[in-house]
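I have placed the structure first, in the form of structure tokens, so that the comments after it can refer back to it.
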Amino acid sequence: MEACNAYYYASRDPLGATGDFTTAPEISQMFGELVGAALADAWTRGGAPRDAAYVELGPGRGTLAADALRVLRRAGFRGAVHLVETSPVLRSAQAQAVPAANWHDCLDDVPPAPLLLVANEFFDALPVRQFVGAIERRVTLTPAGLAFDRDGDIVETSPAREQVARQIAARLHASGGVALIIDYGHEHSAPGDTLQAVRRHGYAPVLAGPGEQDLTSHVDFEALRKAACAHDVKVTKLVTQGEWLQHVGIDTRAAALAKAHPDRAPEIRAARDRLCNRGEMGELFKVIAIHSAAWPAPAGFE
Ligand code: SAH
């Protein structure tokens with residue numbers, strides 16, 4: 001999964017109508033603006049440290065960073081921007097959207113600072129392991145192509161995701177700050193096979209075309225929470241994306257945008273619904289925050 005996704009992301013921009021999938025920031029500027037507003041508010045209430053940095057994991061085309069930073073800059077934030085991205089194709093897209101950014105291969109390379117960290121649809125792309133009973137399920141090469149070596153009741157784990165959650169928590173504990181993690185997944189650890197491949201906006205067989213389709217699985221937020229708690233940080237409750245966006249003011253923002261651009265009102269309404277409604281992204285996608293003990297919980301989790 002790791003090798004397939006590394007090749008997949010390094011060799012294309014998979015986002016948008018002509019790609020394989022569309023993410024929340026690509027649906028509407030409102031998403032990134034509200035993330036920026038929540039971070040600006042947390043930063044202000046955290047004492048507005050001048051050395052705080054905006055850090056994003058897996059920033060895609062840089063759309064979320066550009067929208068969030070527009071709001072953060074307006075709130076007086078002048079800190080550095082660090083983007084953790086391995087794909088050269090996406091790094092060059094990000095350089096168009098956020099010219100002043102610094103790029104890194106992993107969070108460990110980001111210089112220490114109080115963090116305003118965002119990860120949207122990043123964790124789901126990190127690799128999982130699957131177990132049938134006590135035995136790890138593996139992929140083998142058969143005369144007919146790639147195949148799983150066993151079937152049965154599956155339990156998934158993701159040491160890679162837990163490691164990043166621990167790294168984030170260690171950073172927050174050491175230097176302060178907040179992290180917003182947005183992804184699709186479930187609140188409680190549960191058995192089940194959630195590995196899936198996405199290609200041209202639909203599901204594809206997971207072992208078909210290795211490196212030519214996006215491999216993802218549901219994020220186990222309970223496992224992330226436990227991993228983060230290895231350090232002395234606070235983890236908020238988990239809320240659905242729809243609830244969170246409404247708590248932080250998507251309806252007010254949608255109304256303001258529609259007033260400024262009456263011709264675009266139906267499009268703005270449709271984007272708001274796609275981001276918030278059940279059956280669209282509103283319920284499957286979840287938001288959780290991690291923050292240092294000295295910083296307040298970001299808005300939207302009360
Ligand atoms: N956050 C963006 C893009 C999500 S797609 C959005 O919401 O539109 C996943 C992103 O994570 C891509 O930018 C991909 O290149 C990056 N990525 C995937 N695996 C990574 C890894 N191991 N390290 C750093 N970036 C990674």
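Observations on the model:
- Acute angle (nearest 10 degrees) that the helix 250-260 long axis makes with the longest principal axis of the chain, alpha-carbon atoms: 60
- Rounded if a/c under 1.5, otherwise prolate or oblate - region 183-226, Cα gyration tensor axes: prolate
- Peptides 291-298, 193-200, 175-182 ranked from most to least packed give 175-182, 291-298, 193-200, packing being the mean of other C-beta atoms within 10 angstrom over each peptide's residues.
- Region 14-86: relative contact order in percent, alpha carbon pairs under 8 Å with at least 6 residues between: 37
- Backbone N atoms of region 178-205 closer than 19 Å to the 7 Å Cα→Cβ label point of residue 22 belong to residues 183-184, 198-204.
- Net charge over other residues, Cβ less than 12 angstrom from the Cβ of residue 251 (K, R count +1; D, E count -1): +2
- Take the Cα of residue 100, step 7 Å toward its Cβ, do the same at residue 11, and the gap between the two points is 3.7 nm.
- Positive minus negative residues near residue 83 (Lys, Arg vs Asp, Glu; Cβ under 12 Å): -2
- Tensor-based shape of the chain (alpha-carbon gyration tensor, a/c under 1.5 rounded, otherwise prolate or oblate): prolate
- Ordered by the number of other Cβ atoms lying within 10 Å of each residue's own Cβ, fewest first, 286, 259, 226 fall into the sequence 259, 226, 286.
- Among beta bridges from DSSP that stay inside the chain, the antiparallel ones total about 55%.
- Cα-based helix-to-principal-axis angle, 88-97 vs the chain, degrees rounded to 10: 20
- Among 85, 243, sorting on how many other beta-carbon atoms sit within 10 Å of each Cβ, with the fewest leading, yields 243, 85.
- Helical content of the chain, expressed as a calculated mean residue ellipticity at 222 nm, amounts to -11000 deg cm²/dmol (DSSP H runs of 4 or more residues, -39,500 (n - 2.57) each, divided by residue number, nearest 500).
- Positive minus negative residues near residue 155 (Lys, Arg vs Asp, Glu; Cβ under 12 Å): -3
- Chain lengthening between residue 280 and residue 148 when straightened (0.36 nm per residue, less Cα-Cα): 44.4 nm
- Overall form of region 146-302 per C-alpha gyration tensor (a/c, 1.5; a/b vs b/c): oblate
Every number in this text was worked out from the coordinates using simple rules, so none of it is lab data. Note that the structure is predicted; figures quoted are calculated from it, not measured. Ideal geometry is used to build each Cβ from the backbone, glycine not excepted, and the neighbour counts take in all protein chains shown.
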